[in-house]
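The values are calculated or read from the model by the stated rules, or taken from the named source; none is laboratory data. Keep in mind that this is a model prediction, so the values were computed, not measured. Quick reminder, even Gly has a Cβ in these numbers, built from the backbone with ideal geometry, and neighbours come from all protein chains shown. Note: accessible area is taken over every heavy atom of the protein model, side chains too, but ligands, DNA and RNA are not part of it. Shrake-Rupley method; radii C 1.70, N 1.55, O 1.52, S 1.80 Å.
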Amino acid sequence: MIGIFGGTFDPPHFGHLRPLLEVQQALALDEVRLIPCFIPPHRAVPDASAEQRLAMLQLAVSEAPGFIVDPRELQRGGPSYMVDTLASLRDEQGVNKSLVLIIGLDAFVSLDRWHRWLELIELAHVVVMQRPGGALPKTGAVAELMEQVQALAVLELQQQAAGKIYFQPVTQLDISATAIREQLFRGQDVRFLMPGSVRHYIETQGLYKC
Ligand code: ATP
């Protein structure tokens, strides 16, 4: 099974990395692809450039075996729709390989606002990682889909290549890139919120300053 984790990564932090490692271990994923978006469809333009976000992500994964940075959305350019990314991965991996789209709970609750969202679940499974302050939706289109296709065991994700939603409890870290950027704008120390190599890169590039 291949894990796919998209994000802006402006910057990457331990709130991404630790829960992702736990998902990797719980699902015994062969690899986890971290895919930085070029233009995020649902939010403001990132502060760091695409090259800087890619460089930070490469530093962030350097200590994690099985974590791979996949630059396909940067190479593709334009708005980064996950459905296009999953379609290209599906073409490469064939119809039988389990693909697992990993997203935080905050992203999952608004999955129905993603471009061609119902196709996502045809192309991959969706694994939801807990995130502090979030709760699974009880009503609405996302809740209805979850009711229809929720997997209760990892085995179900291995038995078919796509189509299931699985909820993975993880260590909940209340860390966000937004809060990190705000702390940096205020000149505060962001040690222990991200790998030291990423923090050094931010310093040397003079990123996230007023
Ligand atoms: P920002 O604060 O700039 O919105 P972010 O910290 O939420 O950024 P993104 O790069 O936008 O990070 O998120 C990529 C993915 O990581 C999303 O699926 C999001 O839900 C998940 N994620 C981010 N932070 C956490 C966290 N602390 N715990 C669990 N999932 C997280």
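Quick rundown of the values:
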read-out: Where ILE202 falls short, out of the listed (1) aliphatic (A, V, I, L, M); (2) in a loop (DSSP other than H, G, I, E, B); (3) within 30 Å of ARG53 (Cα to Cα); value: (2)
read-out: Exclusive hit being among the polar types (S, T, N, Q), without any contact (Cβ under 8 Å) to a residue 40 or more places away in the chain and more than 16 Å from the ligand (Cβ to nearest atom), set THR178, THR139; value: THR139
read-out: Residue check for ASP112: touching a helix residue (DSSP H, G or I) at 6+ places or on another chain (Cβ under 7 Å), surrounded by 12 or more Cβ atoms within 10 Å (Cβ to Cβ) and among the charged types (D, E, K, R); value: yes
read-out: Any pair with Cβ under 7 angstrom, 6 or more apart, that starts in region 12-35 at a residue that is farther than 19 Å from GLY133 by Cα and of a type in the set (S, T, N, Q) and ends at one that is open to solvent by less than 10 Å² (accessible area, probe 1.4 Å) and at pLDDT 95 or above; value: GLN24/GLY3; GLN24/VAL32
read-out: Cross-chain or 6+ apart pairs with Cβ under 6 Å, region 97-108 first and open to solvent by less than 10 Å² (accessible area, probe 1.4 Å) and assigned to a strand (DSSP E or B), then within 13 Å of the ligand (Cβ to nearest atom) and small (Gly, Ala, Ser); value: VAL100/GLY3; ILE102/GLY3
read-out: Qualifying residue in region 71-89 (condition: open to solvent by 20 Å² or more (accessible area, probe 1.4 Å), within 13 Å of the ligand (Cβ to nearest atom) and part of a loop (DSSP other than H, G, I, E, B)); value: no
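Table: residues versus (1) within 13 Å of the ligand (Cβ to nearest atom); (2) assigned to a helix (DSSP H, G or I).
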| position | (1), (2) |
| --- | --- |
| ILE4 | yes, no |
| PRO12 | yes, no |
| HIS16 | yes, yes |
| VAL23 | yes, yes |
| ALA26 | no, yes |
| LEU34 | yes, no |
| ALA44 | yes, no |
| ASP47 | yes, no |
| GLN52 | no, yes |
